[in-house]
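One structure is given here, and the rest of the page talks about it.
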């Protein structure tokens, strides 16, 4: 009984675990700068700028927005990597099972 390994699914390329740090740092600078500019542009002129709320709104909230984006991206990347590794492990297990099962039937047919 011939074994058709071509019928098995192809292995999935595993995404790299590392992300580009430079691009995320550039995104941090852009998001914080845009958030600070928006905060300063919309801040009422009559209110003082030496308050905790002003500085939190100017730098803290944009940083939290960036942190949410970065964490979400890392979560998605980790799940893609985990899924690819699991798919490849299942394909390898199926290949081994198919080779072993095919070898058993070949031995039975040859002996008979």
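No lab work stands behind these numbers, since they all come straight from the coordinates. All figures in this text were calculated on a predicted structure; none of them were measured in a lab. Cβ: placed from backbone, ideal geometry, glycine included. Neighbour counts: every protein chain shown.
Counting other Cβ atoms within 10 Å as a rough exposure proxy, the listed residues 100, 94 run 100, 94 from fewest neighbours to most. Available extension along the chain between residue 34 and residue 88 is 15.2 nm, counting 0.36 nm per residue and deducting the alpha carbon span. In whole angstrom, the stretch 20-111 maps to an equivalent ellipsoid with semi-axes of 60, 10, 7, each derived as √(5λ) from the alpha carbon gyration tensor and ordered largest first. Each residue, residue 74 and residue 25, gets one label point 7 Å from its Cα in the Cβ direction; the gap between the two is 1.6 nm.
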